[in-house]
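A short write-up of the structure that comes next.
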Amino acid sequence: MALQSRWTRKNLLPERGSSDGAAGRMSERSLKSLLEEGTSELKKAGIEEARLDAWLLLEFATGVGKAAYYTDPAQQTDPAKADRYRELISRRRRHIPLQHLTEEAWFMGFPFFVNEHVLIPRQDTETLAEEALAILKNVDSPRILDMCTGSGCIILSLLCLKDGSWGTGVDISPEALEVAKINAARLGVSEKVDFVESDLFSSGYFAKRSGKDIPEYDMLISNPPYIRTSEIQNLQEEVRLHDPVAALDGKEDGLFFYRQIAAKGKEYLKPGGSVLFEIGWDQGDAVRKILLDNGFHQVEIIKDLAQLDRVVRGRLE
């Protein structure tokens, strides 16, 4: 799973074999020796990107960036920082996600606070956000509804990147919404977003005929739970044991939330408004049919960088 987006992740690693120029055996607290120790421990634990994770945890624990490392990889680390690094490596060995250790994940070029209450933003989901930005390019002051918002990474990225936009982020989890609010404050867009605790459209915020002004949106966007219940047990350990199950479980066939959001969500879209879903690689045709059955037009399936079906979009006439 990617810690940083494809926009920011290049050239993170010091090269293997960087020489410290010192004679004799390196101190066990030199940056280089700690990096090699951490890499070795993570490899033994079967961590897929052992060296990258070891480096990112070293940078996090010591505050030493790549430039400083290259300048003097033999420099000694404060004992407390070295102990902190080894503690983080020990936790990563147990397949606790890297992002939970650093409490940060990158999405669309922005750093997001994350914890065990939210799904860690994935690089694959940037396809959804990029498609949304392309649609919103010619929409003035768009209103955006993000259903199942989690950390808020989708709605907040769109609000940061689209001038004049305003949005609503909805989630059933109050803990997830607290994370999203922290991220909105960090990115300086708290005044541009409402966060609503709701089981989809059940909240009074969405009550029709209530005498209050119900917003109509230019776009409904969602990365809902879409893993089939029976498949959750087969996910990699970092996801299965550490991501919130409610953010993964799409019920028996993985399509429950698409049906619910498509059927009800059209009531809150303006004529000409768009709906965009992230999907699993094998769900494109099924979600396309759900949108067509609910009166959406111009329904298309969009592929991600790996050429897998990743987004389904439609338009309300």
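The values are calculated or read from the model by the stated rules, or taken from the named source; none is laboratory data. Keep in mind it's a predicted model, so treat the numbers as computed, not measured. In this analysis, Cβ positions are derived from the backbone assuming ideal geometry, glycine residues included, and neighbour counts consider all displayed protein chains.
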Does SER151 count as among the hydroxyl-bearing types (Ser, Thr, Tyr) and either buried (at least 24 other Cβ atoms within 10 Å of the Cβ) or not assigned by TED's automatic domain parsing to the domain that holds LEU305 (or both)? yes
Scanning for something in the same structural domain as LEU177 (by TED's automatic domain parsing), among the polar types (S, T, N, Q) and on the phi > 0 side of the Ramachandran plot, does region 267-275 turn up at least one residue? no
ASN234 fails exactly one of (1) surrounded by fewer than 14 Cβ atoms within 10 Å (Cβ to Cβ); (2) at pLDDT 95 or above; (3) of a type outside the set (Ser, Thr, Tyr), namely (2)
Among the residues of region 109-123, how many are surrounded by fewer than 23 Cβ atoms within 10 Å (Cβ to Cβ) and either in a loop (DSSP other than H, G, I, E, B) or modelled with pLDDT under 95 (or both)? 8
Hey, LEU128 outside any strand (DSSP E or B), buried (at least 18 other Cβ atoms within 10 Å of the Cβ), within 17 Å of the chain's Cα centre (by Cα) and of a type outside the set (S, T, N, Q) or not: yes
Hits in region 175-196 - residues which are outside any helix (DSSP H, G or I) and either in contact with a Phe, Trp or Tyr (Cβ under 9 Å, 6 or more places away or on another chain) or hydroxyl-bearing (Ser, Thr, Tyr) (or both): VAL193, ASP194, VAL196
Can you name the residue in region 108-155 that is touching a Lys or Arg at 6+ places or on another chain (Cβ under 9 Å) and aliphatic (A, V, I, L, M) and, of all such residues, is farthest from LEU98 (Cα to Cα)? VAL139
Verdict on VAL118 being hydrophobic (A, V, I, L, M, F, W, C), touching a His at 6+ places or on another chain (Cβ under 8 Å) and within 30 Å of ILE172 (Cα to Cα): no
Go through region 265-317 and give me each residue that's small (Gly, Ala, Ser) and either over 17 Å from PRO225 (Cα atoms) or free of Cβ contacts under 8 Å to residues at least 12 places away in the same chain (or both). GLY272, GLY273, SER274, GLY295, ALA306, GLY314
Taking the condition under 17 Å from the mean Cα position of the chain (by Cα) and of a type in the set (Val, Ile, Thr), does VAL189 pass? no
